[in-house]
Amino acid sequence: MKPHWLDRPGAARRVWLAFAAVLAGSVLAQLFVDVEPHYPAEGWFAMPALFGFVACAAMVVFAKLLGVFLKRRDDHYDDGGAQ
Amino acid sequence: MSAVLAHPAFALLVGAALVAVLRGRARAAVALVAPLAALALVLRTGDGVHATWTFAGASLAPFAADPLSRLFGIIFAIMAFGGALFGLNQPRRAEMPAALLYAGAALGVAFAGDLVTVFLFWELMAVGSTLVIWSVATPEAWRASLRYLMVHLAGGTLLLLGVAAHYAATGSLAFSAFDPASAGYWLILAGFLVNAGAPPLSAWVADAYPEASFSGTVFLSAFTTKIAVYALLRGFPGEPLLIGVGLFMVFYGIVYALLENDMRRILAYSIVNQVGFMVTGVGIGTAMALNGTAAHAFTHILYKGLLLMSAGAVLHATGRRKCNELGGLFRSMPVTTLCGIVGALAISSFPLTSGFVSKSMISQAAGDEHLPWVWLALAAASAGVFLHAGIKFPWFVFFQKDSGLRPPDPPLNMRLAMILFAALCIGLGVWYEPLYALLPFPTDYVPYTGWHVVGQLQLLLFSGLAFFALLPLLKRTPTITLDVDWLWRRALPAVAGAVERAWRALAGAWREGSRGIADGAAASVHRTHGPDGILARTWSVRSMGLWMLVLLLCLLLIGFLA
């Protein structure tokens with residue numbers, strides 16, 4: 001059976017390159033639109049991009065830290081305890 | 001009688017009864033026609049009160065309509081149709097009638113003009129949704145449904161108490177915006193918030209919904225939390241507490257979904273997250289915010305239904321729901337993958353999808369009202385939605401590693417339901433004017449400006465970059481995350497067990513102690529009154545005479561001394 005185009009050699013690299021191009025395009029596009037921010041800082045160059053990245057990184061790290069305390073094996077409630 | 005026949009809920013309730021007894025094609029036909037009939041009835045229902053009833057001296061309006069109820073009526077009917085189409089080949093026969101009963105009850109709330117009718121249909125929804133979970137008939141589903149029912153009966157009780165207090169104080173049972181000073185305000189608000197999945201009881205959503213069948217969860221995702229949003233929109237617009245509650249829900253949903261391994265629990269946490277946006281919008285309370293909330297409820301029902309259909313298709317095909325056991329399904333399930341991606345893009349509010357035209361109204365309202373922290377939190381949350389649902393769900397289910405599974409796409413009816421909802425998600429993103437025309441307040445909001453599109457794309461695409469950059473931290477593990485439901489699943493049973501053991505020990509000690517006393521008393525009686533006891537043995541007449549003489553002498557002596 002013919003392999004899916006995503007399974008062909010080099011596909012992952014091509015997808016990453018395309019993604020990088022789209023990322024760059026979204027930032028550069030800011031130069032070509034009327035910037036109408038709600039708050040001045042929002043309109044700084046690449047600010048939404050930076051904010052999105054940092055906010056997500058913060059949420060992942062926070063979730064990871066919370067997981068240290070709250071994660072349990074998924075059979076935690078299955079061991080015959082009253083439920 | 002004609003008002004009953006014209007009520008949109010009637011079509012679904014009759015459909016539920018027929019589906020319960022019919023078989024084969026007739027059953028399938030009724031399951032599909034009943035929601036379409038309900039949709040037709042919603043569309044022909046004009047504004048105003050269509051039925052009145054006097055109950056125990058109070059005037060009730062069990063059938064009333066306005067733009068808000070019509071908006072929710074339309075989406076509930078569409079959802080019932082899509083869910084029925086998706087669930088036609090569900091082998092558990094009890095699920096479809098339960099689901100139609102549930103959807104009909106939701107329409108009953110949406111078109112209720114008084115609080116008694118709201119309460120009755122509210123409880124009927126709890127019954128219908130519990131039956132949907134019961135129909136799975138597994139021990140896990142049974143236990144989850146009992147926990148679900150417990151939470152909802154508690155919420156219903158709060159609502160009933162609030163309605164009673166409100167009626168006693170105001171003499172009115174009309175369902176309209178409540179006065180914060182009125183008795184019952186907080187009780188009714190709490191009752192509505194329980195159904196919305198608000199803290200501290202958010203855990204029920206991710207606990208119960210994923211235990212339903214591959215098709216049952218699709219129904220469950222749509223009605224209970226969204227009817228709560230409808231009730232908040234009508235009863236509590238502008239309540240500032242709701243901004244805080246909503247933002248908590250938004251981030252709770254993101255963080256718990258990031259930690260979760262079960263694909264349907266990820267989407268269940270995501271429901272709390274999305275309803276959080278809506279609750280925040282109700283709290284902001286301006287026309288823009290309320291329009292945004294109503295629009296977002298509408299679009300959310302479609303894309304969350306679509307996401308859960310794609311997850312349901314995977315569960316149906318593989319029998320698996322854990323991300324660490326899935327992956328690579330894009331090779332053999334292209335339609336499901338594509339539809340899942342459309343749902344993921346819509347929930348993330350990508351331009352040209354339905355989420356973009358609805359959620360941005362809520363952010364716009366926060367900006368317009370000069371609530372910078374709320375606006376900032378909503379922007380961060382928008383990035384987080386892409387992170388936890390927009391990428392995480394499709395990545396771990398359809399891509400990541402190759403699990404070796406090669407299941408085909410699901411049967412035609414399930415594919416059609418997914419394609420219909422995917423088309424609606426994109427259609428509403430492109431052609432949003434019909435949705436805006438249905439909103440409760442007139443609006444001239446324009447979602448597509450150059451800056452809005454570019455800013456949103458930057459935010460989302462770099463959130464995607466963060467996901468892949470931090471992928472090692474997001475590696476799936478076969479774990480769950482403890483939540484408040486630990487209190488009633490573990491702590492309360494443990495406390496009850498400890499109390500029971502202490503009671504048993506106390507009772508045992510008491511039994512032992514009392515037995516000792518009783519044995520001592522019996523021995524003492526035996527000693528004195530037994531066959532050889534001093535008080536029971538036979539005495540000779542001579543000694544009796546002697547003791548009588550001693551006794552009389554004592555009496556004489558006492559008499560003499562006295």
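The values are calculated or read from the model by the stated rules, or taken from the named source; none is laboratory data. As the structure is a computational prediction, the values presented were derived from the model and not from experiment. Glycine also receives a Cβ, built like all others from the backbone with ideal geometry; neighbour counts cover every protein chain displayed.
Condition check ((1) assigned to a loop (DSSP other than H, G, I, E, B); (2) of a type outside the set (S, T, N, Q)) across all residues:
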site: B:PHE356; (1), (2): no, yes
site: B:LYS359; (1), (2): no, yes
site: B:SER363; (1), (2): no, no
site: B:GLY367; (1), (2): no, yes
site: B:HIS370; (1), (2): yes, yes
site: B:SER382; (1), (2): no, no
site: B:LEU387; (1), (2): no, yes
site: B:ILE391; (1), (2): no, yes
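Looking across the range B:393-408, not a single residue is assigned to a helix (DSSP H, G or I) and small (Gly, Ala, Ser). Quick one: would you say B:TYR256 is assigned by TED's automatic domain parsing to the domain that holds B:GLY390, surrounded by fewer than 23 Cβ atoms within 10 Å (Cβ to Cβ) and in a helix (DSSP H, G or I)? Criteria not met by B:TYR256. Inspection of the range B:222-234 finds a residue satisfying the criterion of being of a type in the set (D, E, K, R) and closer than 29 Å to B:GLY113 by Cβ. The residues on offer are B:LEU439, B:LEU428, and the sole one that is more than 8 Å from chain A (Cβ to nearest Cβ), in contact (Cβ under 8 Å) with a residue 24 or more places away in the chain and under 22 Å from B:CYS339 (Cα atoms) is B:LEU428.
Per the conditions (1) over 24 Å from B:MET263 (Cα atoms); (2) surrounded by 20 or more Cβ atoms within 10 Å (Cβ to Cβ); (3) among the charged types (D, E, K, R), the sole criterion not satisfied by B:LYS359 is (1).
Mind checking which residues of the range B:17-29 are among the hydrophobic types (A, V, I, L, M, F, W, C), in contact (Cβ under 8 Å) with a residue 12 or more places away in the chain and surrounded by fewer than 24 Cβ atoms within 10 Å (Cβ to Cβ)? Matches in the range B:17-29: B:ALA17, B:LEU18, B:ALA20, B:ALA28.
Screening B:LEU18, B:LEU12, B:LEU39 for residues that are within 27 Å of B:CYS339 (Cα to Cα) and not acidic (Asp, Glu) leaves exactly one candidate, B:LEU39.
Scoring B:THR538 on the criteria (1) of a type in the set (Ser, Thr, Tyr); (2) surrounded by 10 or more Cβ atoms within 10 Å (Cβ to Cβ); (3) in a loop (DSSP other than H, G, I, E, B) leaves a single failure, condition (2).
Applying the set (1) over 28 Å from A:CYS56 (Cα atoms); (2) more than 7 Å from chain A (Cβ to nearest Cβ); (3) assigned to a helix (DSSP H, G or I) to B:ARG490 leaves exactly one unmet item: (2).
Taking the range B:409-466 on its own, how many of its residues are part of a helix (DSSP H, G or I), within 29 Å of the chain's Cα centre (by Cα) and over 22 Å from B:VAL397 (Cβ atoms)? Counting residues in the range B:409-466 that are part of a helix (DSSP H, G or I), within 29 Å of the chain's Cα centre (by Cα) and over 22 Å from B:VAL397 (Cβ atoms) gives 6.
Residue-by-condition table, conditions (1) within 14 Å of another protein chain (Cβ to nearest Cβ); (2) closer than 26 Å to A:HIS76 by Cβ; (3) surrounded by 10 or more Cβ atoms within 10 Å (Cβ to Cβ); (4) modelled with pLDDT of 90 or more:
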position	(1), (2), (3), (4)
B:GLY497	yes, yes, yes, yes
B:TRP503	no, no, yes, yes
B:ALA507	no, no, yes, yes
B:ALA523	no, no, yes, no
B:GLY530	no, no, yes, no
B:GLY533	no, no, yes, no
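Can you name the residue in the range A:29-71 that is at the interface with chain B (Cβ under 7 Å from one of its Cβ atoms) and among the aromatic types (Phe, Trp, Tyr) and is also nearest to B:TRP375 (Cα to Cα) among such residues? Filtering the range A:29-71 for residues that are at the interface with chain B (Cβ under 7 Å from one of its Cβ atoms) and among the aromatic types (Phe, Trp, Tyr), the one nearest to B:TRP375 (Cα to Cα) comes out as A:TYR39. Look at the range A:4-28: where a residue is more than 10 Å from chain B (Cβ to nearest Cβ) and surrounded by 13 or more Cβ atoms within 10 Å (Cβ to Cβ) and a partner is at pLDDT below 95 and in a helix (DSSP H, G or I), sitting 6+ places away or on another chain with Cβ atoms under 8 Å, you get A:ALA11/A:TRP5. Considering each residue of the range B:235-248 in turn, none proves to be crowded, with 24+ Cβ neighbours inside 10 Å, closer than 30 Å to B:THR477 by Cβ and within 14 Å of chain A (Cβ to nearest Cβ).
Could you check, for the range B:506-515, whether at least one of its residues is farther than 30 Å from B:LEU435 by Cβ and touching a strand residue (DSSP E or B) at 6+ places or on another chain (Cβ under 7 Å)? No, the range B:506-515 contains no residue that is farther than 30 Å from B:LEU435 by Cβ and touching a strand residue (DSSP E or B) at 6+ places or on another chain (Cβ under 7 Å). The single condition among (1) touching a Leu at 6+ places or on another chain (Cβ under 8 Å); (2) under 16 Å from B:ALA469 (Cβ atoms) that A:TRP16 does not satisfy is (1). Condition check for B:TRP373 on (1) under 22 Å from B:GLY276 (Cβ atoms); (2) in contact with a helix residue (DSSP H, G or I) (Cβ under 7 Å, 6 or more places away or on another chain): one failure, at (2). Only one of the numbered conditions (1) without any contact (Cβ under 8 Å) to a residue 40 or more places away in the chain; (2) at positive phi is not met by B:GLY327, and that is (1). Every residue in the range B:258-294 that is within 14 Å of chain A (Cβ to nearest Cβ) and hydroxyl-bearing (Ser, Thr, Tyr), please. Passing the criteria: B:TYR269, B:SER270. Of everything listed in (1) touching a strand residue (DSSP E or B) at 6+ places or on another chain (Cβ under 6 Å); (2) at pLDDT 95 or above, the single unmet condition for B:LEU173 is (2).
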